[in-house]
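K.L.:
Okay, handing you the structure first.
Every number in this text was worked out from the coordinates using simple rules, so none of it is lab data. Note that the structure is a prediction, hence the values are computed from the model and not measured. Heads up, the Cβs are rebuilt from the backbone with ideal geometry, glycines too, and the neighbour counts pull from every protein chain shown.
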Amino acid sequence: MTNEELKKLMEFIVTQQAEFTVKQSQILDIHFETAKRQSEFEKLTENRIQFIIEHQAEFDNKLEKLADNMKDLIEGLRSVSKRVETLEDDKKKE
């Protein structure tokens, strides 16, 4: 191999190494940006999940209160129904 060929080969190798370094740097930048976005997405998702959990707890409480109110209403209707039956029975006896 001549000096000229050796020099060209060395220049080619140096150029390839430089290009590789640039590409490696670009990959690292992309990786960093991806990690940053993933972190933001995870935080946003965590906040949304916490929001859902809190609202589910509120919904459960409201549903429980509604169930209690329904029980009270049913008891009230039964009481009214018994009074009406008693009045009807008393009216029939007259």
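K.L.:
Across the chain, how many lysine pairs, 8 or more positions apart or on different chains, have C-alpha atoms separated by under 22 Å? Please give the number.
P.N.:
Details: LYS23/LYS36; LYS62/LYS71; LYS71/LYS82; LYS82/LYS91; LYS82/LYS92; LYS82/LYS93.
Count of close lysine pairs: 6.
K.L.:
With everything on Cα atoms, drop me the angle between helix 3-93 and the longest principal axis of the chain, reported from 0 to 90° to the nearest 10.
P.N.:
Once rounded, one gets 0 degrees.
K.L.:
Considering the alpha-carbon set of the chain alone, what are its Rg and its Dmax in angstrom?
P.N.:
39.8, 134
K.L.:
Now, a different point. Pop the C-beta distance of ASP68 and ASP89 into the FRET formula with R0 = 30 Å and round what comes out to the nearest 0.05.
P.N.:
Working: r = 32 Å, r/R0 = 1.06.
The formula returns an efficiency of 0.40 here.
K.L.:
GLN17 to GLU40: extension gain in nm, 0.36 nm per residue of separation minus the Cα-Cα distance?
P.N.:
On the way: separation 23, 0.36 × 23 = 8.28 nm, distance 3.44 nm.
Contour length minus Cα-Cα distance gives 4.8 nm.
K.L.:
Length gain on complete extension for the stretch HIS31 to HIS55, per 0.36 nm per residue less the alpha carbon to alpha carbon distance?
P.N.:
On the way: separation 24, 0.36 × 24 = 8.64 nm, distance 3.58 nm.
Answer, rounded to one decimal: 5.1 nm.
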